[in-house]
Amino acid sequence: MIRITQVKLPITHTYEDLLIRTAKLLRISDSQIKSVRIVKQSVDARKREEIAYSYVLDVETDREEQVVKRSKNSNASISKEKPYQFPASGSGTLSHPPVIVGSGPAGLFCGLMLARHGYRPLILERGGSVEERTRQVQTFWKEGKLDPNSNVQFGEGGAGTFSDGKLNTLVKDPMGRNRKVLELFSEFGADPSICYVNKPHIGTDVLSQIVAAMRQEIIRLGGQVRFHSQVTDFSIQDGALQGLIVNGREEIPAEAIVLAVGHSARDTFEILWKRQVPMDAKAFAVGLRIQHPQSMIDEAQYGQEAARILGPASYKLTHTCKNGRGVYSFCMCPGGFVVNASSEEGRLAVNGMSYHARDGKNANSALIVTVTPEDFGGDGPLSGIAFQRRLEEAAYQAGKGSIPVQLYEDFKENRISSQYGQIVPQFEGRVSFANLREILPESISDSLIEGIDRFGGVIPGFDRGDSILAGIESRTSSPIRIHRDGQLESQVKGLFPCGEGAGYAGGITSAAMDGLKVAEEIARRYRPIDESVGLA
Ligand SMILES: Cc1cc2nc3c(=O)[nH]c(=O)nc-3n(C[C@H](O)[C@H](O)[C@H](O)COP(=O)(O)OP(=O)(O)OC[C@H]3O[C@@H](n4cnc5c(N)ncnc54)[C@H](O)[C@@H]3O)c2cc1C
């Protein structure tokens, strides 16, 4: 295959235009092109009047080396991309199926790969199935009735199920795991374009179906998925795992346990620490979520006309404050909602979500500031969790159990808002006006004000007085890191910390990639339970 980069075309181009342009860049006729595969499609909006797609393509022709040579095009070369390869299985014997704790992206992709290679994994999930969970989350948003085990953070599909389902990640992986994850998402129902668009996203409505389809595949291949099965303890003898306890009573023996519990499994982290599983406190970030009219963002980024073709615009903003702290936008949700993403009684956290169409009126993102163990005020690996809990309790109090909201002009003036301005609020979950300055440490509030004012210089109107703020955004990544060695194993033999909760991923795709990594490690050690199964 010939790989050709920087193939630029106007955003209104047709497939024929792409063929003709490619042939021209390779100095051949388009009839010589046998096939074209889009490897990457990104938007170049640097020149507003010439917004264009920029492509990386794999092109099939005859005598490809000659074509590349004759094209004299430095952006053309012979593609060297290696497809993802699952390792050959090891020789060790498993007396029990591998157990995976948690069915978020890390647990689910780990389970799928192990099932596809005959390991018949058992997945234990504390929350409900995605169908049940969707009902529970809707009830919570409408009536405020929280199920601490089945909510926006917990349940089949994990934290990312009620999300915008953005799949982009900064993790570079020479083994092709990133591409493999996207291919698997599209195999189970996502639009195949996620494999090449620059900022792929799925949306919560489509993600829920994909998660259920993956579950059925794991079960079809001899795996088990058990809901309402919370791991409440771990039996460790002589530094090695013997098994785990489910729902405080049932003992399940196992030699290989994948711990993919996500960043909000605070009770599970407390048990692990009690069982002396080595871990550290880890820096993360906290802040507020801000809403603006999506049309305002579209106008600023590439104009309404282009937004009709490219879809709602997104943004990425960052600023270093005079106090040395960094403020940055995170998990931006075009055409989305700010949601109540709490998982503990008496504590309130927010996050963002969009449906596949991203056709909501507002754009929202978290504006967050990094906090480190020095900020946590306490020591030990669980000090970050205590810090999060204090903020979330303050948010719960300030909002009287509902999402505390405030207009930006009132946040700056340290007073409670009494009504909205022109922006129509877009929330999932009940809201109540409150003074968010009372929730946040002063240094964080000051940093946010400095950042928002600065961002107003980048996106006109970003600092408008009626921007809607809501809090607290506290679950941006895991507050701990569970130690693991080069073979991805904890000092406690048989325990494989995995995904975001363990501190090795940030986001849906990187968590799923880490799940693949751990599945590979288990396969390298052990023979499959069912040697007859072996799928890609
Ligand atoms: C509202 C929201 C929107 C988000 N939007 C995006 C986005 O658009 N793009 C993106 O990349 N990331 C997004 N994220 C972050 C993303 O969801 C996480 O990074 C990702 O889900 C981490 O995957 P994971 O498998 O490591 O953990 P999780 O997805 O958190 O899954 C952990 C699972 O373990 C289960 N569990 C926990 N404790 C136990 C126990 N003791 N016993 C049994 N089961 C247990 C939980 O119920 C959960 O299902 C969002 C998160 C939220 C909350």
- [ ] Give a quick list of trypsin sites (Lys or Arg not before Pro) in segment 240-274 that DSSP marks as loop, anything other than H, G, I, E or B, with at most 16 other Cβ atoms within 10 Å.
- [x] 249
Open item on the list: Helix-only mean residue ellipticity at 222 nm, the chain, DSSP H runs n ≥ 4 weighted -39,500 (n - 2.57), per residue, nearest 500. What is it?
Closed with: -9000 deg cm²/dmol
- [ ] Excluding residue 479 itself, calculate the net charge of residues whose Cβ lies under 14 Å from the Cβ of residue 479, where each Lys or Arg counts +1 and each Asp or Glu counts -1.
- [x] -3
- [ ] Report, in cubic angstrom per residue, the convex hull volume of the C-alpha atoms of segment 409-536.
- [x] 214 Å³
Task: Translational diffusion of segment 250-361, µm² s⁻¹ [Kirkwood Rh, Cα pairs; Stokes-Einstein; 10 °C; 1.306 mPa s] - done: 88 µm²/s
Task: For the chain, with +1 on Lys and Arg beta carbons and -1 on Asp and Glu, the positive-most of 240, 331, 200 along the dipole - done: 200
Task: Convex hull projection area averaged over all views, segment 33-174, Cα basis, nm² - done: 15.7 nm²
TODO: State to the nearest 20 debye the size of the charge dipole of segment 182-297 about its Cα centre, where the only charges are +1 on K and R beta carbons and -1 on D and E beta carbons.
DONE: 340 debye
- [ ] Write down the Å³ per residue value for the convex hull defined by the alpha carbon atoms of segment 1-84.
- [x] 101 Å³
Open item on the list: Taking every pair of distinct Cα atoms and averaging 1/r, then inverting, what Kirkwood hydrodynamic radius in Å comes out for segment 169-290?
Closed with: 18.0 Å
Open item on the list: Whole angstrom only: what separates the Cα centroid of segment 452-484 from the Cα centroid of segment 270-331?
Closed with: 5 Å
Open item on the list: Under 4 °C and 1.567 mPa s, how fast does segment 56-104 diffuse according to Stokes-Einstein, given a Kirkwood radius computed over C-alpha pairs? Answer in µm²/s, whole number.
Closed with: 81 µm²/s
Open item on the list: Compute the distance from the alpha-carbon center of segment 137-167 to that of segment 103-126, in whole Å.
Closed with: 21 Å
TODO: Beta carbons within 10 angstrom, averaged per residue: use that to sort the peptides 424-434, 341-351, highest first.
DONE: 341-351, 424-434
Open item on the list: Can you list residues from other chains, or at least 5 along the same chain, whose modelled amide H is less than 5 Å from the amide H of residue 232?
Closed with: 245, 246, 247, 248
Task: the chain - convex hull of alpha carbons, volume per residue in Å³ - done: 155 Å³
Open item on the list: Which log10 I(q)/I(0) values does segment 235-314 give at q = 0.13 Å⁻¹ under the Debye formula, counting every alpha carbon as one identical point scatterer?
Closed with: -0.63
Task: Cα-centre dipole for the chain with unit charges at Cβ (Lys and Arg positive, Asp and Glu negative), debye to 20 - done: 1260 debye
Task: Cβ charges +1 (Lys, Arg) and -1 (Asp, Glu), total dipole of segment 125-184, debye - done: 240 debye
Task: Karplus 3J(HN,Hα) series, Hz, for segment 168-182 with 6.51 cos²θ - 1.76 cosθ + 1.60 (x for Gly, Pro) - done: 6, 9, 8, 5, 8, 9, x, 8, x, 5, 4, 4, 4, 4, 5
Task: Cα radius of gyration and Dmax for segment 441-508 (Å) - done: 19.1, 55
TODO: Using +1 at the Cβ of each Lys and Arg and -1 at the Cβ of each Asp and Glu in segment 172-331, identify which of 184, 223, 262 lies farthest towards the dipole's positive end.
DONE: 262
Task: Which listed pairs, of 24/172; 8/199; 40/172; 316/400, have C-alpha distances above 24 Å, in listed order - done: 24/172; 316/400
- [ ] Restrict the search to segment 82-168; then list the trypsin sites (Lys or Arg not before Pro) that DSSP places in a loop and that have at most 13 other Cβ atoms within 10 Å of their Cβ.
- [x] 145
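Coordinate-derived values only; no laboratory data. Because the structure is predicted, anything quoted here is derived from the model rather than measured. Glycine also receives a Cβ, built like all others from the backbone with ideal geometry; neighbour counts cover every protein chain displayed.
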